[in-house]
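Asker: This is the structure I want to talk about, given as structure tokens.
Laboratory data are not the source of any read-out in this text; all were calculated from the coordinates shown. Predicted, not measured: the structure shown is a model, and the values here were computed from it. A quick note on method: Cβ atoms are made from the backbone with ideal geometry, for glycine too, and the neighbour counts reach across all protein chains shown.
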Amino acid sequence: MKKLAILGSTGSIGTQTLEVVRENLDLSVTALAAGSNIRLLEEQIREFKPKYAAVWEEEKARELALAIKDTDTKVVSGMDGLIEISELEEVNIVVTAVVGMIGIRPTVAAIKAGKDIALANKETLVTAGHIIMPLAKEYGVKILPVDSEHSAIFQSLNGENPKEISKILLTASGGPFRGRKLKDLEKVTLEDALKHPNWAMGKKITIDSSTLVNKGLEVIEAKWLFDVKMEQIQVVVQPQSIIHSMVEYVDGSIIAQLGLPDMKLPIQYALFYPERRTMPGERLDFAKLGSITFENPDIETFKGLCLAYEAGSIGESMPTVFNAANEKAISLFLGKRIKYLDIADIIETCMREHKIVKNPTVDQIIEIEKSIYELIESRC
Ligand code: NDP
Ligand code: MG
């Protein structure tokens, strides 16, 4: 029996992870965590009977504890709660499916407690990859990618020598605004940006996909996961989202992973790696699909991708600035306080004004995040 702690169980990845648990009787849930959606969390607790549930907001944690006082689940709260459930002795795998840099400390705690990590929370690797990857090596734990592109790369590396990678071809759908130019994007509304052509995801990543910032975060994530240089990662737009990514080797061979867009596949692969399990569902029909097409990303219109390459190449504290500025800008856009094109402009301004901190510690990363949030708030 594999025992899971799922951080972010009420979100898009979290609920799909629970679907995988439902379909596999040898998976069980020891702990669940959410931000504030205690209604759904209560349903999950009643179905999966975890020992612990963590809720970020203290008030909501108290409310939940009262609502489930007839169960054996213990409710914990805040960052201490997230860390506590990441370190539980009986847990084998921690699924990090929270959104944002909030995932850094629990991930570090889980690694130090010897847990394998099924990692969806890309913001953690983007900002703290230089801490997470060596730590995972030191503690002998696996970082198993859940992000579909990174799972595809991981699968395309199976049995291969990573030293023979020539480059990584990271695919992108291009998002809902593919083909549009800057002028067309001036009047984009929140509702427009929340419509993704191929994937149903949480709000933040859906906006990130439309600006190509998500692809930029994924490039930096891939750099850390697969120990390659930024210039070895090429983004290829493949609008049907059928090829989930590819690896080109030194002899020119390219190995790719293909499939219908369904996050349950990479989630299940991470939870059972190296085993492949049967997965119910529709299969890819090439004749029905007809064609798979490719193009270069439009980096003039979607400058967030360029800024990510710049941040990833500079390294040190710059990816934290890129990520924190984006997180804050997205929350302002979700609150309808800024325009769509302001998101990339805010990231650029914060990066230009930042004084690099070399090899930042977790505390420094959190401090930089806070100062970037404050800087943006003071100007909006
Ligand atoms: P969602 O917004 O759908 O879900 C986020 C989850 O995190 C919710 O359960 C939310 O709880 C919880 N959460 C938020 N803040 C806190 C907090 N402070 N403490 C505890 N829990 C918290 O996001 P997604 O599932 O879309 O994305 C999660 C991560 O996975 C992101 O890093 C994203 O980039 C990555 N990812 C997502 C993919 C997808 O298909 N969705 C694909 C690849 C990567 P609540 O509901 O209570 O707010
Ligand atoms: Mg992805």
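Asker: What distance in nm lies between label points placed 7 Å from Cα along the C-beta direction at Lys264 and Val362?
Answerer: 3.4
Asker: Shifting gears a bit: What full-extension length gain, to one decimal in nm, is calculated for Glu191 and Glu295 as 0.36 nm per residue of separation minus the Cα-Cα distance?
Answerer: Length gained, Glu191 through Glu295: 34.8 nm.
Asker: Rg and Dmax of the chain over Cα atoms: what are they, in angstrom?
Answerer: 20.1, 62
Asker: Restricting to lysines 8 or more places apart or on different chains, can you count the pairs in the stretch 109-174 with Cα atoms under 15 Å from each other?
Answerer: Total qualifying Lys-Lys pairs in the stretch 109-174 comes to 4.
Asker: Something else: Using unit Cβ charges (K, R positive; D, E negative) and no other charged atoms, how large, in debye to the nearest 20, is the dipole of the chain about its Cα centre?
Answerer: The calculated dipole for the chain is roughly 340 debye.
Asker: For Arg39 and Asp285 in the same chain, what is the full-extension length gain: residue separation times 0.36 nm, less their Cα-Cα distance, in nm?
Answerer: Going from the current span to full extension adds 84.7 nm.
Asker: Once the Cβ-Cβ distance between Arg337 and Asn24 is put in as r, and R0 is 30 Å, what FRET efficiency do you end up with, to the nearest 0.05?
Answerer: That pair, Arg337 with Asn24, gives E of 0.10.
Asker: Separate question: On the Cα set of the stretch 119-255, report Rg and Dmax in Å, please.
Answerer: Rg and Dmax of the stretch 119-255, Cα atoms, are 15.9, 50 Å.
Asker: So for the stretch 2-122, taking the charge dipole from beta-carbon charges (+1 Lys/Arg, -1 Asp/Glu), which of Ile104, Ala67, Val29 sits furthest toward the positive end?
Answerer: Most positive-ward Cα: Ile104.
Asker: Next question. Suppose R0 equals 25 Å. What FRET efficiency, 1/(1 + (r/R0)^6) with r the Cβ-Cβ distance, do Arg277 and Asn198 give to the nearest 0.05?
Answerer: Step by step, r from the Cβ atoms, then E = 0.60.
Asker: Skipping prolines and chain starts, which residues have an amide H placed within reach, meaning under 5 Å, of the one on Ala54, given they are 5 or more residues away or on another chain?
Answerer: Distant-sequence amide H within range of Ala54: Leu32, Ala33, Ala34, Val76.
Asker: Hey, what did the chain get for relative contact order, percent, Cα under 8 Å, at least 6 apart?
Answerer: Here the relative contact order equals 15 percent.
Asker: Might you report the magnitude of the Cβ-based charge dipole of the stretch 330-380 about its Cα centre, with Lys and Arg at +1 and Asp and Glu at -1, to the nearest 20 debye?
Answerer: In debye, rounded to 20, the stretch 330-380 gives about 140.
Asker: Between Glu58 and Asp72, what length in nm is gained on full extension when 0.36 nm per residue of separation is reduced by their alpha carbon distance?
Answerer: Residue separation times 0.36 nm, minus the Cα-Cα distance, leaves 3.1 nm.
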